[in-house]
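The values are calculated or read from the model by the stated rules, or taken from the named source; none is laboratory data. Source: prediction; values computed, not measured. Cβ atoms come from the backbone with ideal geometry, glycine included; neighbour counts cover every protein chain shown.
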Amino acid sequence: MIQLSEHGVYLLHGETVIDETDHQQLSGRLGNVPTKDEARKGTMAHSILKAHNTVDDMEQLSLKFDSMTSHDITYVGIIQTARASGMKEFPLPYVLTNCHNSLCAVGGTINEDDHMFALSAAKKYGGIYVPTNMAVIHSYNREMMSGCGRMILGSDSHTRYGALGTMAVGEGGGELAKQLVGRTYDIAYPEVVAIYLTGEPKNGVGPQDVALSIIGKVYECGYVKNKVMEFVGPGVKNLPVEFRNGIDVMTTETTCWSSIWTTDEKVKDYFTIHGRSEAYKPLSPADVAYYDGCVYVDLSTVEPTIAMPMHPSYTYTIKELQENAADILHLVEERANSQIAKTAHLDLMSKLHTDGHIYVDQGIVAGCSGGTYDNVCAVANILEGQSCGNGTFKMSVYPGSMPTYLELVKNGSIAKLVESGVIIRECFCGPCFGAGDTPANGEFSIRHTTRNFPNREGSKPGNGQLSAVALMDPRSIAATAANGGVLTPATDLPEETWDEACEYTFDDAPYKKRVYWGFGKAEPADELVEGPNIKPWPAMEPLGDDILLKVCSKIMDPVTTTDELIPSGETSSFRSNPLGLAEFTLSRRDPAYVGRSKEVDAVEKRRVAGEAAGDLAALDDELAGVFEALAGAGVAADAKATEYGSMLYAKKPGDGSAREQAASCQRVIGGLANIVHEYATKRYRSNLINWGMLPLQLAGATPFGLGDYVLIPNVREALKGDLQNIKAYVLGDTVKEFELYMAPLTTDERQILADGCLINFYKH
């Protein structure tokens, strides 16, 4: 059972939770009850944030991290941004992994060119280079970079190492570039929510089951959005460290900001096994700690769980799905088909056979969440002597790192898997972002990966190609495989299945022989190796005093993911080519958007070049009509002094990936602003700001439609004010006045927007 507190809570001695409204019990236990502000200092999060804050103010934090990490979808752009901003050397350990897109069949030299760029950057600036297929980004950082009380910043949303006592944050590339040039990560002090664990999971229940159960409870209501999840309580000690890691990495899907766990002897043993005993120290809340909320999780009540397409929060217990198969499958179909292109249709009802069972087509265990040592051992034990397929069902396993792979070979798990028909893949994130084991059209895949958003399995609904992914724990995936593809919870397996334990050992020989460790050994004279597809960021103009926006896409979905803004998968082959990648912006959600935005951008470029004396009305007949209509309505607007750009409307965009391309792709083809009701995550909003995109918000009804124009006069002046009641005008059939606002911005963020982007900001 998972319950949410309606109020803040006090945690006493790490064990006892008392609701803040229970004054009698609080005074009975404590006598003088400390204030919330004082007791907030008792959280683990507070002590770590204070240690990394560079200013005295704990309300507005300015953080510096212990290390950073990026993979090959993001590091080229980050390094290029930092170079353009004056970076001479990496000032902190920076891990560059190559676990994304390395197997995309795009032809040419694109992928390896990026990897060679990273190796040359590691040598030139003093970085750490992890070669292709050596380790998934988060597996490497857990094994080699985590430490109790540390903070790590990564350009991947699943940068989460809280179970190892490390507060980790996934952000867009701009925030990493700031660290590389000696600046800080600025954020208001976040709220902290206790995740209070009791009990012990039953046999057959794994970390993904626990994680999905929590996500299903907290995501929609935003209970932990942009907050820290702090795992405490007597249930923590009942979980192996890898089990904790599996829960922790999925906290991203709750939209929390970061996570942290109490540490114990099991964590100490983990660091000792990895030859890093100095990285351990005990972490626990103070005797009295205040939390802004509490999620109560009785681990003994968690059942094998499935997250149905197309979001990790669409959760059901597997038994619930089995018992109500027709109703749930129909509901999922309707919900999914409302999210995808009309050229494709999700059919799940066909997976319900006449025998009453649900049949799936593929099983995948992969990446930082699925491909852990404990998970793969469990799969191997379940499938020993079994067959994982009959010609239709197929299964693959992707270990998280080569040291993990090595131990799985030594203990015989790999042999068990191969003998059962499982295909063993490289250490690769592909199934998590749509570049590995794409199912056939119409197939249904069950996966222990981090996400099941539309297109995350690699299908292209815009081209009529559509498959679907549900998230499950490896134990139930293996149980399903052993049952011929019939959806099966692992708790249905005999109890003796769980008798064999796999003792974990770690051998870093693969890393010692392949990883380039250059931190502190920069070679400034070395040249960067840049392949022909690696292109610099195009020039950005500073923000105009007045701006005119054309509505180039209007998305009415409840939530818009970053994968819809810029698809993952094979499109990421152009990750190092800003203009090339931008051609795929919204391609699987609104394919006409790129053409509309580029038309706007073409006119703006002519204005900037001084054509027609920079008069927008003289450059375009339709714009001439816009300014004429504004004048007729008594709205002062100077067509010679107005910046022109495209605009995207969405209700709640930005759920999902930290990739800055979700914002930069809009920007490089003429985007100036988003107007939304709510931003799903801080990281997406930060990406918009760092790329000079105004993060505008709207209260009430949407006053404009696709193709309409929005004038925002005096916008630079508005950036200097309270950011509320920003006057705007929409020109549709008539000219109407309405108001916009922006959530709080730091002084630097205001200037970044005024300058046009982070690169311009650092140039000034």
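Of a type in the set (D, E, K, R) and touching a Phe, Trp or Tyr at 6+ places or on another chain (Cβ under 7 Å): does that describe GLU220?
Working: of a type in the set (D, E, K, R): yes; touching a Phe, Trp or Tyr at 6+ places or on another chain (Cβ under 7 Å): no.
When the stated conditions are applied, GLU220 does not pass them.
Can you tell me which of (1) within 30 Å of LEU758 (Cβ to Cβ); (2) surrounded by 19 or more Cβ atoms within 10 Å (Cβ to Cβ); (3) within 25 Å of the chain's Cα centre (by Cα) is the one SER62 doesn't meet?
(2)
Pairs please, first residue from segment 160-176 and assigned to a strand (DSSP E or B), second anywhere and basic (Lys, Arg), Cβ atoms under 6 Å, 6+ apart in sequence or on different chains.
TYR161/ARG142; THR166/ARG150; ALA168/ARG160
Within segment 298-315, is even one residue over 26 Å from the mean Cα position of the chain (by Cα) and aromatic (Phe, Trp, Tyr)?
no
Is there a residue in segment 365-375 that is of a type in the set (A, V, I, L, M, F, W, C), out of contact with any strand residue (DSSP E or B) (no Cβ under 6 Å at 6 or more places or on another chain) and assigned by TED's automatic domain parsing to the domain that holds PHE453?
Yes; the residues of segment 365-375 include at least one that is of a type in the set (A, V, I, L, M, F, W, C), out of contact with any strand residue (DSSP E or B) (no Cβ under 6 Å at 6 or more places or on another chain) and assigned by TED's automatic domain parsing to the domain that holds PHE453.
Being modelled with pLDDT of 95 or more and either under 24 Å from ALA435 (Cβ atoms) or of a type outside the set (A, V, I, L, M, F, W, C) (or both): is that true of GLY127 here? Walk me through how you get there before you give the answer.
Numbers: modelled with pLDDT of 95 or more: yes; either under 24 Å from ALA435 (Cβ atoms) or of a type outside the set (A, V, I, L, M, F, W, C) (or both): yes.
The answer is yes for GLY127.
All but one of (1) outside any loop (DSSP other than H, G, I, E, B); (2) in contact (Cβ under 8 Å) with a residue 60 or more places away in the chain; (3) closer than 23 Å to LEU731 by Cα hold for ALA617, so report the exception by its number.
The number of the failed condition is (2).
If you take the residues in segment 102-119 that are among the polar types (S, T, N, Q) and either in contact with a Phe, Trp or Tyr (Cβ under 8 Å, 6 or more places away or on another chain) or surrounded by fewer than 17 Cβ atoms within 10 Å (Cβ to Cβ) (or both), which one is modelled with the lowest pLDDT?
SER102
Run ARG589 past the list (1) basic (Lys, Arg); (2) part of a helix (DSSP H, G or I); (3) in contact with a helix residue (DSSP H, G or I) (Cβ under 6 Å, 6 or more places away or on another chain); (4) under 27 Å from THR702 (Cβ atoms) and report the number of the one that doesn't hold.
In the conditions (1) basic (Lys, Arg); (2) part of a helix (DSSP H, G or I); (3) in contact with a helix residue (DSSP H, G or I) (Cβ under 6 Å, 6 or more places away or on another chain); (4) under 27 Å from THR702 (Cβ atoms), ARG589 misses (2) alone.
Can you tell me which of VAL422, VAL409 is buried (at least 21 other Cβ atoms within 10 Å of the Cβ) and at pLDDT 85 or above?
Criteria check complete, one pass: VAL422.
Identify all residues within segment 312-354 that are closer than 12 Å to ALA468 by Cα and without any contact (Cβ under 8 Å) to a residue 12 or more places away in the chain; write none if there are none.
Correct list: ASN337 only.
What are the pairs with Cβ atoms under 9 angstrom where one residue, in segment 523-541, is within 30 Å of GLY670 (Cα to Cα) and the other, located anywhere, is assigned to a loop (DSSP other than H, G, I, E, B) and aromatic (Phe, Trp, Tyr)? Sequence gap at least six, or different chains.
MET540/TRP691
Within segment 656-764, which helices (runs of 4 or more DSSP H) (wholly inside it) include 3 or more residues that are modelled with pLDDT under 95? Lay out the reasoning, then the answer.
Values: elements: 661-668, 682-690, 715-718, 747-755, 758-763.
The helices (runs of 4 or more DSSP H) meeting that bar are 661-668, 682-690, 758-763.
Answer yes or no: is there a residue in segment 559-580 that is under 23 Å from GLY671 (Cβ atoms), part of a loop (DSSP other than H, G, I, E, B), among the acidic types (Asp, Glu) and assigned by TED's automatic domain parsing to the domain that holds VAL730.
Looking for residues that are under 23 Å from GLY671 (Cβ atoms), part of a loop (DSSP other than H, G, I, E, B), among the acidic types (Asp, Glu) and assigned by TED's automatic domain parsing to the domain that holds VAL730, one finds none in segment 559-580, hence no.
Could you go through segment 255-267 and let me know if any residue there is within 17 Å of ASN452 (Cα to Cα) and within 28 Å of the chain's Cα centre (by Cα). It would help to see each step written out before you state the result.
To start, the set of residues in segment 255-267 that are within 17 Å of ASN452 (Cα to Cα) comprises 255.
Narrowing further to those that are within 28 Å of the chain's Cα centre (by Cα): 255.
Yes: segment 255-267 contains one or more residues that are within 17 Å of ASN452 (Cα to Cα) and within 28 Å of the chain's Cα centre (by Cα).
List the pairs whose first member sits in segment 59-73 and is over 26 Å from PHE428 (Cα atoms), whose second member is among the charged types (D, E, K, R), and whose Cβ atoms are under 6 Å apart, counting only residues at least 6 apart or on separate chains?
Listed pairs, sorted by first residue: SER62/ASP186.
Need the failing condition index for GLN339 against (1) assigned to a loop (DSSP other than H, G, I, E, B); (2) at pLDDT 95 or above; (3) under 25 Å from the mean Cα position of the chain (by Cα), just the number.
Tallying (1) assigned to a loop (DSSP other than H, G, I, E, B); (2) at pLDDT 95 or above; (3) under 25 Å from the mean Cα position of the chain (by Cα), GLN339 fails exactly one: (2).
Of all residues in segment 537-591, which are aromatic (Phe, Trp, Tyr) and within 14 Å of ASN455 (Cα to Cα)? Before the answer, list the steps.
Here is the first cut: in segment 537-591, the ones aromatic (Phe, Trp, Tyr) are 537, 574, 584.
PHE584 - this is the single residue of segment 537-591 that is aromatic (Phe, Trp, Tyr) and within 14 Å of ASN455 (Cα to Cα).
Filter segment 469-502 down to residues that are assigned to a loop (DSSP other than H, G, I, E, B), in contact (Cβ under 8 Å) with a residue 40 or more places away in the chain and surrounded by fewer than 22 Cβ atoms within 10 Å (Cβ to Cβ) and give me whichever is nearest to the chain's Cα centre (by Cα).
Only one residue fits best here, namely CYS502.
Can you report the number of residues in segment 260-311 which are touching a residue at least 40 places away in the same chain (Cβ under 8 Å), part of a helix (DSSP H, G or I) and β-branched (Val, Ile, Thr)?
Going through segment 260-311 one residue at a time, the tally reaches 3.
Within segment 451-479, count every residue that is touching a Cys at 6+ places or on another chain (Cβ under 9 Å) and at pLDDT 85 or above.
Kept after step one, since they are touching a Cys at 6+ places or on another chain (Cβ under 9 Å), are these residues of segment 451-479: 451, 456, 478.
Applying the additional criterion that residues be at pLDDT 85 or above yields 451, 478.
Result for segment 451-479: 2.
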